[in-house]
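What follows is one structure encoded as structure tokens, with my remarks underneath.
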């Protein structure tokens, strides 16, 4: 008799994918990592230099600047605004190129909208 199949929760499955991705991705001082974290209500993004272990810039749908422009933080419109703002902040700090870390999430919906908005605002992936 075969053993029962053990199913992972969605979050556990996403974390396994993220760990697998992080083995291959690393941010350098020349090309830091743009990492995305999303929840049902908000989206957060950071530009991280993994060599020194420090966050260069960050943006979130919780930021005052973003909340003035959007209604609700867990939607595609909010992701577009956050993507544009992170690109502007990164370019102000001298970051032109980044490595995109989707955090184990599918490149679809809010994650895709954020990435495309950051590209349109001048970041190179």
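What to note about this one:
- One residue from 26, 77 being more than 10 Å from the chain's Cα centre (by Cα), surrounded by 15 or more Cβ atoms within 10 Å (Cβ to Cβ) and within 25 Å of residue 12 (Cα to Cα): 26
- Taking first residues from the range 2-18 that are surrounded by 10 or more Cβ atoms within 10 Å (Cβ to Cβ) and partners that are at pLDDT 90 or above and not in a helix (DSSP H, G or I), the Cβ contacts under 6 Å between residues at least 6 apart in sequence or on separate chains come to 14/104; 17/104; 18/103; 18/104.
- A single member of 48, 66, 57 is part of a helix (DSSP H, G or I), in contact (Cβ under 8 Å) with a residue 12 or more places away in the chain and buried (at least 19 other Cβ atoms within 10 Å of the Cβ), and it is 66.
- Residue count for the range 69-122 satisfying the condition of being part of a loop (DSSP other than H, G, I, E, B) and within 21 Å of residue 30 (Cα to Cα): 9.
- Within the range 13-45, being closer than 27 Å to residue 77 by Cα and assigned to a helix (DSSP H, G or I) holds for 13, 14, 15, 17, 18, 21.
The values are calculated or read from the model by the stated rules, or taken from the named source; none is laboratory data. All figures in this text were calculated on a predicted structure; none of them were measured in a lab. Cβ coordinates were reconstructed from backbone atoms using ideal geometry, including for glycine residues, and neighbour counts include every protein chain displayed.
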